[in-house]
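A.B. asks: Sending over a structure as structure tokens; questions will come in a sec.
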Amino acid sequence: MPKHGRCLVCVLLRSVVLCCLFSVLDKKILPQPPTITHQSPKDYIIDPRENIVIHCEAKGKPHPSFSWTRNGSHFDVEKDPKVFTKPNSGTLVIDISEEKAEAYEGVYQCTVRNEHGTAVSNNIVIRQSKSPLWSKERNEPVTVQVGVSLILHCRPPMGLPPPIIFWMDNSDTEGRIILNYNSNFYFRELFELLKFCVSFTPTHTAAPFWISAPRNLILAPKETGMLICHVGGNPKPTITWSVNGVPIENSPNDPSRKVEDNKIILSDVQAGSSAVYQCNASNEFGYLLANAFVNVLAEPPRVLTPPNNVYQVISNRQAMLDCASFGSPIPKITWFKDGQTAILDGDSYVLHENGSLQINPAQPLNSGKYTCVATNTLGNKENHVFLEVKEPTRILKQPEYKVVQRGSRAVFECKVKHDPSLIPTLTWLKDNGELPDDERFVVDSDSLTIIDVAEEDEGTYTCIMNTTLDKDSASARLTVVATPTPPIVYERPDPPRDLELTDQREQSVQLTWIPGDEHNSPTQLFLVQYEDSLHQPGVWHNMTEAPGTSTTAQLDLSPYVYYSFRVLALNDVGMSEPSTPSRQYRTNPSQPDDNPSDVEVAGTEPNNLVISWKELTGLQSNGPGLQYKVSWRQKETEEDWTSVIVANVSQYVVTGAPTFIPYEVTVQAFNDYGHGPKPGVVFGYSGEDRPMVAPENVKVLVQSSTMAEVHWEPIPPSAVRGRMLGYKVSYWKEKSLQKEDSRPKEKKELTFSGNETEGRLLDLHPYSQYSVNVRAFNGKGDGPANDDLKFETPEGVPGAPAFLRIIDLNLDSLTVEWGPPEDEYGRLTGYTLKYQPINSTDELKEMTLLANETSISLENLKYSTRYMFYLNAMTIKGSGPVVTTAITIVDEGEARLCGETAMASRQVDIATQGWFIGLMCAIALLILVLLIVCFIKRNKGGKYPVKEKEEAHQDPEIQPMKEDDGTFGEYSDTEDHKPLKGSRTPSNGTVKKDDSDDSLVDYGEGGDGQFNEDGSFIGQYSGKKEKDTQEGNESSEAPSPVNAMNSFV
């Protein structure tokens, strides 16, 4: 479907949905043009004994006003004291108690208006009812000869409404009487009858009738819609359009409106252009009038589903969460699970066009909070619902079949498992009815006990466990016996016996049998099988089934079959062994009842016609000597049929047929006893051949540096020689216009279906030479291609520079080095280099460099500062992609290269590097050893108390950790933005994102300031204080799904 058509279909669907939603929206703030909801019929026959009521009801926002015309002139209701309108309505009530009804006969029309448009009713013709009166006449008996035809004339009187004509007689003449169009009575065969003529109204079907009436449209500004007025009638009705009751040709010109016969196409509609359109379809037999409004609305989204709905569903069943919405443009619905995870269409989730979310099947893990977000260009709105997936109700221990003695006790157990949050209700039934109102029946929570069992207690007992969401049931039968019975043994039934064939006819026979022992389990059904010893000896086929209470089966037979029958019985335990086969019953041969099926006609070579079919089975042959008569001739010709007789084959090949010509084919079965029924005609074509010629006038129109259009003329139909499937366009790059290209030429091919005569070549390389050719193809293959046509693409923007790196790193200078782009796509005009300190307000510095430069030295850089560099190449068509890299210059005059990438790449965490972890472990071990040595030395001194020595000789190497913020005393907050001294980056110069910074300060401030990605305690170096503690104690709350969705953009 074309894009324009698809858009119109979408708008029509949207309009239907939005119109339905108007009934549930707050109509006080949503404008709506008037719509007539009820009106009187066009031809309104009134009863002169009652008041005249002419209906005209309408709705709209604001509420519309009503006015009437009578016989084309304004009808002032207020000036006639006998006429009044119903409140808030346009319905007229005319009091004719003191007037003649003729005084108010005429043509009435109701007009409904509000500020958004005008709707008009049908022309309502008011006429008084008049009964027909028969003229006095004497009907003489008509005498004619038996067996000849006769016409009795009927001349009914005039009346309003026109009378209905029908005939009655006093005998059964069905099938021998015809009533013709002028109400006369026609006899095929004449008998002596007495006829009465009664009037009736002949019906006419030539007046216009609706195929599809125009529908109301609700559009957003800038959208497109279509009103279609599709009618039928004979002669073809004339369609005219009006807008707000004014003929459209007399209405103000609207550039967004285009009238095409029975369509009005509205494109790029503007706010305030709402109106009501009228379609009038008429011919000489009548007319149709329909109103359809176009309401242009710009409304932000609203979610109509009540908030915080709780949906409960049983596990493994379907759950449907509603999200009815309204907005113009129509909102897009997005669902989130538990406030964060966006739900995509697929797997167990299905997103419906109406916004509903289907989960099939629902599992316990699907329980939770779901949020639907309605979004359009004017805003968004969210609504929360909750899904609870419950465990199914299951009967774990079912009641069992019981045989008890009269006067004893019977206990049926029914143990149930259900979801603990659902309230169960246990119900017991006897023979699908309520339990008897008897104290002997005791119902417990999981059992039914029958005390002092009586014979009338025998029956089927059913336990039903109901919850608000599901139920489960199980049944068992109680059998009451008078004396003790031995244990019951259930087995498969014995096979039926004594099979007899009775009521023997040409193609049917009745089979009777005696059932075998059921072994305490009633027989459910009997299965009748047959063997055809003539065509398939030893093979038994299922033929029919009979109820378990039956002992006979009427069997329909086929001709020319040697039948033997057997019967099997089935009960709850299983199927019995087959019975002893009946005696053989042979049916007489006859002509075939069927012809071969699945007849197909198709050519495999340019000069043949292959006719194939599915052969008849031996059972279908109906007699010996089965053969097939195959006939064919060219379609829509008067030539005679050509026929051949074949046997025991399922295919015939006609040779010497012209290429791709339509044929008519029949295949008829016959045997020694006659021919089968008249075969149906099957159509097909002889074989195809490749197209004869190549497309002509192939042209290439270069649209841009990466796209070109190819145009060609279709080949003539006579040259196709088969089913035209389309055209194939092959194109390949010959060379680059800027430099030698050693890469192999890759040929690409595009396929265009049908009779398309143009196509687009995409993803071309700029500044290159290409070749292209076009060829037609059909079901046989490709035709010849036209001569290769060469074309060139213009210059484009270049690719990214091959690399960007920093060399010659000094205290306040460095050198930037790069490589030319691999794909220049034109003549390079130069490079643009930009750089600035990160996290600084310094102005971004920009330099334009010559095309032959590949490096530049930069002076007067700030030490201990991190810089970001941006580089891209240029041609006359513009700038190519940017390559970035970042560098940090530290106090000692060393520099650490942080990243280099063509766009943006992953940052390498220094704290996860092996050399760094080893270094930190060695430092920690060294500090621990020093602490132990100092402690031992102080204990061995003995001259001073330990406390005094500690106060007198504080060792700066072993300062304790600060308790307030958990950091070592030798670090302070002033170093939060400085890298560790002596740190290094890997020698390969790993590339980072444009805004990345991998100093240890950054790692320390991630998360909660406690651990980095590998779990080590490096976060303690961050110098963060009570701020983290306070933040960590704050309650975390999942972000709004609206914000989560906006973050995806």
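A.B. asks: Using a Förster distance of 41 Å, how high is the FRET efficiency between S730 and D594, based on the Cβ-Cβ distance and rounded to 0.05?
C.D. replies: Efficiency at R0 = 41 Å is approximately 0.20.
A.B. asks: Right, here's the next one. Could you tally the net charge around D47, taking each other residue with its Cβ under 12 Å from the Cβ of D47, Lys/Arg +1 and Asp/Glu -1?
C.D. replies: +2
A.B. asks: Computed over the Cα atoms of the stretch 739-895, what is the ratio Rg over Rh, Rh following Kirkwood?
C.D. replies: Rg/Rh for the stretch 739-895 comes to 1.22.
A.B. asks: Ignoring ligands, DNA and RNA, what percent of the 1.4 Å accessible area of the stretch 841-880 is carbon and sulfur?
C.D. replies: 46
A.B. asks: R0 = 60 Å: FRET efficiency of Q651 with T706, Cβ-based, nearest 0.05?
C.D. replies: For R0 = 60 Å, the calculated efficiency reads 0.70.
A.B. asks: Send over a whole-number figure in Å² for the accessible area per residue of the stretch 25-133, probe 1.4 Å.
C.D. replies: 54
A.B. asks: So how many Lys-Lys pairs in the stretch 352-464 land under 22 Å Cα to Cα, not counting same-chain pairs under 8 apart?
C.D. replies: 10
A.B. asks: Report, to the nearest whole %, how much of the accessible area of the stretch 429-582 belongs to carbon and sulfur atoms, 1.4 Å probe, protein only.
C.D. replies: So the carbon and sulfur contribution to the accessible surface is 45 percent.
A.B. asks: Can you compute the label reach from N253? Point 7 Å from Cα along the Cβ direction, backbone N cut-off under 16 Å, restricted to the stretch 259-292.
C.D. replies: Output list for this probe position: 259.
A.B. asks: Here's something else I'd like to know. Beyond a 32 Å Cα-Cα separation, which of these cross-linked pairs lie in this structure: K614/K728; K222/K337; K699/K780; K61/K332; K263/K780; K699/K739?
C.D. replies: Violating the 32 Å Cα-Cα cut-off are K614/K728; K222/K337; K263/K780.
A.B. asks: With r as the distance between the Cβ atoms of K415 and M320 and R0 = 41 Å, compute the FRET efficiency 1/(1 + (r/R0)^6) and round to 0.05.
C.D. replies: That gives a FRET efficiency of 0.80.
A.B. asks: Still on this structure, please answer the following. By how many nm would the segment from H352 to T425 lengthen if fully extended, with 0.36 nm per residue of separation less the alpha-carbon distance?
C.D. replies: Taking 0.36 nm per residue and subtracting the Cα distance, the gain is 22.7 nm.
A.B. asks: What is the distance, in nm, between label points placed 7 Å from the Cα along the Cα-to-Cβ direction at L619 and at E456?
C.D. replies: 5.3
A.B. asks: On to the next question. Report the extension gain between A602 and S550 in nm, rounded to one decimal, defined as 0.36 nm multiplied by the number of residues separating them, less their alpha carbon distance.
C.D. replies: 13.5 nm
A.B. asks: Packing-wise, with mean Cβ within 10 Å as the measure, how do 612-618, 403-409 rank, highest first?
C.D. replies: Peptide ranking by packing, descending: 612-618, 403-409.
A.B. asks: If you count, for each residue, the other Cβ atoms within 10 Å and average over each peptide, how do 834-843, 246-255, 282-291 line up from highest to lowest?
C.D. replies: Ranked by mean Cβ neighbours within 10 Å, highest first: 282-291, 834-843, 246-255.
A.B. asks: Treating the beta-carbon of each Lys and Arg as +1 and of each Asp and Glu as -1, no other charges, what is the dipole magnitude of the stretch 200-293 about its Cα centre, to the nearest 20 debye?
C.D. replies: 140
A.B. asks: Related question: Accessible area per residue for the stretch 203-298 in Å², computed with a 1.4 Å probe and the full protein assembly in place, what is it?
C.D. replies: In whole numbers, the stretch 203-298 has 49 Å² accessible per residue.
A.B. asks: Further question: Quick one: length gained pulling I661 to N432 fully straight, 0.36 nm per residue minus the C-alpha distance?
C.D. replies: 75.6 nm
A.B. asks: Also: Using per-residue counts of other Cβ atoms within 10 Å, averaged over each peptide, order 352-364, 861-873 from highest down.
C.D. replies: 861-873, 352-364
A.B. asks: Calculate, for the stretch 636-710, the solvent-accessible area per residue in square angstrom, rolling a 1.4 angstrom probe over the heavy atoms of the protein chains.
C.D. replies: That works out to 57 Å² per residue.
A.B. asks: Also, I was wondering about something else. If you average the C-alpha positions of the stretch 273-336 and of the stretch 784-815 separately, how far apart do those two centres end up, in angstrom?
C.D. replies: First find each Cα centre; the distance between them is then 52 Å.
A.B. asks: Provide the net charge surrounding A657, with neighbours chosen by a C-beta distance below 12 Å and charges set as Lys +1, Arg +1, Asp -1, Glu -1.
C.D. replies: -2
The values are calculated or read from the model by the stated rules, or taken from the named source; none is laboratory data. Computed from a predicted model, the values in this text were never measured in an experiment. All Cβ positions, glycine included, derive from the backbone under ideal geometry; neighbour counts span all protein chains shown. Accessible surface is based on the protein model in full, side chains and every heavy atom, while ligands, DNA and RNA are left aside. Shrake-Rupley method; radii C 1.70, N 1.55, O 1.52, S 1.80 Å.
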